[in-house]
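Okay, so here's the structure we're looking at.
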Amino acid sequence: MTQLNACVNWAIESKRVELVRSPFEGMATKAKKLIKNSEDEETDINPFTSSERDVIIETFRTHPQHSHYYPYVYFCFYVGCRPSEAIALTWNDIAEDFSQILFDDVIVAGEGGQYRCSGLKTQKKRIFPCNHQVKEIVVLLSHTRRGKSPQVFTSVTGKTMNIGYFRRVWKRVLNELEIEYRKPYQMRHTFITLCLDAGLDAKDVAKLVGNSANIIYKHYAGQKAGLSVPEI
């Protein structure tokens, strides 16, 4: 962005383009903030317990105003994908037999709205194998919402989910439950942590969620409580 801005400013000064100011002005700073916020979410790890997860999911399921978001919350807790990956999912990304899910796009916020982008944060694409828990929610969605929108998860009005609005809903539900507030991104951290607690190898967890094994070892496995020296 810095280089593009410099090029356009040069073109303006040399009267090679009919512009008053560069459209790239200030974008480098904004990009740095977006990158920093994304990195902070990846490393700010404060997962929910499995019991907290279950009560949050059940509250969304039965909530008189926010039950529309129950499948999204359930899915994020049991798949561990990034929010930008979840809201970009289309029915074409899900195998006909519901055995696997393809993540290859994201929807991110930008100036003027949300935008679909090809590729993921750390890879071009990722295939997630569905267990019974994930199949259950995807099949439910297929029966109730497929055909209404090409996207799997939508807003109440059937449009692309707005993560900013969902955060407000999320905060209300956690306040009602009197559970310590944590960002929705902690659903991802909860999935990773519980997978490690269940004995899944860090390298395999990394493949499931699209992180490097180094990140898993450094930020998750390294923080596991109750580590002890095995008898070898």
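The values are calculated or read from the model by the stated rules, or taken from the named source; none is laboratory data. No experiment lies behind these values; they were computed from the predicted model shown. Every residue, glycine among them, receives a Cβ derived from its backbone with ideal geometry; neighbour counts consider all protein chains shown. Ligands, DNA and RNA are stripped out before the accessible areas are found, and what is left, the full protein with its side chains, is counted by its heavy atoms. Shrake-Rupley method; radii C 1.70, N 1.55, O 1.52, S 1.80 Å.
Among the residues of this structure, L200 does not count as one that is open to solvent by 30 Å² or more (accessible area, probe 1.4 Å), closer than 18 Å to R53 by Cβ and in a helix (DSSP H, G or I). Remark: pairs (first residue in the stretch 42-55, outside any loop (DSSP other than H, G, I, E, B); second residue open to solvent by less than 70 Å² (accessible area, probe 1.4 Å) and not hydroxyl-bearing (S, T, Y); Cβ separation under 7 Å; 6+ apart in sequence or on different chains) = T43/H219; S50/L194; E52/I179; R53/F77; V55/L177. Across the stretch 80-98, which residue is nearest to G164 (Cα to Cα) among those that are in contact with a helix residue (DSSP H, G or I) (Cβ under 8 Å, 6 or more places away or on another chain) and among the small types (G, A, S)? Result: S84. For first residues located in the stretch 64-84 and farther than 25 Å from D104 by Cβ, partners that are open to solvent by 20 Å² or more (accessible area, probe 1.4 Å) and not in a helix (DSSP H, G or I) and lie 6+ apart or on another chain with Cβ distances below 8 Å form the pairs H68/V156. With respect to the conditions (1) open to solvent by less than 30 Å² (accessible area, probe 1.4 Å); (2) at pLDDT 95 or above; (3) of a type in the set (S, T, N, Q), N175 lacks only one, and its number is (1). So is E58 surrounded by fewer than 22 Cβ atoms within 10 Å (Cβ to Cβ) and in a loop (DSSP other than H, G, I, E, B) or not? It is false that E58 is surrounded by fewer than 22 Cβ atoms within 10 Å (Cβ to Cβ) and in a loop (DSSP other than H, G, I, E, B).
Scanning the stretch 61-81 for residues that are in contact with a strand residue (DSSP E or B) (Cβ under 7 Å, 6 or more places away or on another chain) and not in a helix (DSSP H, G or I) yields a total of 1.
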